[in-house]
Amino acid sequence: MDTLRKIVFTQGGTELVLPVTPPAFQVGFGIRIETVNIHGMGDLRIAGHPTLGNFSVDLLLPANAYGWAVTRSTDPYGIIAQFKKWARVQAVLRLIITGTDVNIPVQLESCDYGEQDGSNDVVGTLHLSEYRYVGSAAGAITALGISRAVDTRPVIPQTYTVKQGDCLRTIAEQFYGNAN
C-alpha cells in the first residue's frame, strides 16, 4: 500500500497540512565553493560553509471534497490567507515532509495561485527559502538540534592564603578537583 507523504507547515501553535500531496518535490543542499587566484599557482577551489536551500512546492487546494485528498479541507482561500499572513509577518515556518529527513525552518518568499478549470479548486506554487537562525554558537547549535555536553558551572572563587610549600597545582586540585 502506498502512503502519501504529508507536507506540513508549523509556526507557533498553528499547523497547516497541505490537503493534496504534490506529485513531486525536490530538496537541495550543498556548500559554497569559492575560487581564489593565488599568484604563481593559479585558481584554487576552497570549500566554504553550507548554503541555504530554496524550495518550490506545487499546490492543489481543493474546493471540493475529494476521496484522494490527504485532508478534508475545502477552503482553498482560507489556506492562501494563512500563507499571506505568514508572509506579511515574515514568520519562520517549520517545513516537515513526513517519512523523509525534511524538517527545516523556512520563510515564504512568494506564492503564485489561481483557478484554472472551473472547479473552484486553487492551484499554485509556493516559493520557500531555508532560514538560518542567527545568534551565538550555542544558539545555532540548539537551532540545528545538535546536542553537546553541558559544562558545569565554575566553582565560586574562594579566598585562600598561600602558605610556604604551596604550589598552583596543589591549590587547583584542592579547589577545582583538577590540577589543570
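The values are calculated or read from the model by the stated rules, or taken from the named source; none is laboratory data. Only a predicted model underlies this, so the values are computations on that prediction, with no experimental measurement involved. Cβ sites come from the backbone with ideal geometry, for glycine too, and all protein chains shown count toward neighbours. Heads up: the accessible areas ignore ligands, DNA and RNA and are worked out on the full protein's heavy atoms, side chains in. Shrake-Rupley method; radii C 1.70, N 1.55, O 1.52, S 1.80 Å.
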Compare C167, C111 by solvent-accessible area with a 1.4 Å probe and give them largest first, with all protein chains kept in place. C167, C111
Among R88, R72, R32, which one moves the most in a GNM of the chain with springs linking Cα atoms closer than 10 Å? R32
Ordering F29, F83 by the accessible surface of their heavy atoms, 1.4 Å probe, largest first, yields F29, F83
For segment 25-114, what is one quarter of the convex hull surface built on the Cα atoms, given in nm²? 8.9 nm²
Taking only the C-alpha atoms, wrap a convex hull around the chain and report its volume per residue in Å³ as a whole number. 269 Å³
Kindly report, to the nearest 10 Å², the accessible surface of E15 as traced by a 1.4 Å probe over protein heavy atoms only. 130 Å²
If you project the alpha carbons of segment 49-96 onto their three principal axes, what span does each projection cover, largest first, in Å? 45, 24, 14
Under 11 Å by backbone N from the virtual spin label 7 Å along Cα-to-Cβ at R132, the residues of segment 32-75 are 32, 48-53
Set of aspartates and glutamates with alpha-carbon distance to K163 below 17 Å, sequence-local pairs under 8 removed: E173
Summing -39500 (n - 2.57) over the DSSP H runs of n ≥ 4 in the chain and dividing by its residue number, what mean residue ellipticity at 222 nm do you reach, to the nearest 500 deg cm²/dmol? -4500 deg cm²/dmol
Per-residue accessible area for T71 at 1.4 Å probe radius, Å² rounded to 10? 40 Å²
Quantify, in whole percent, the carbon and sulfur part of the accessible surface of the chain (1.4 Å probe; protein heavy atoms only). 52 percent
Which whole-number percent gives the relative contact order of the chain, counting Cα pairs below 8 Å spaced six or more residues apart? 19 percent
Gaussian network model of the chain, springs between alpha carbon atoms under 10 Å - residue of V17, V162, V57 with greatest fluctuation: V162
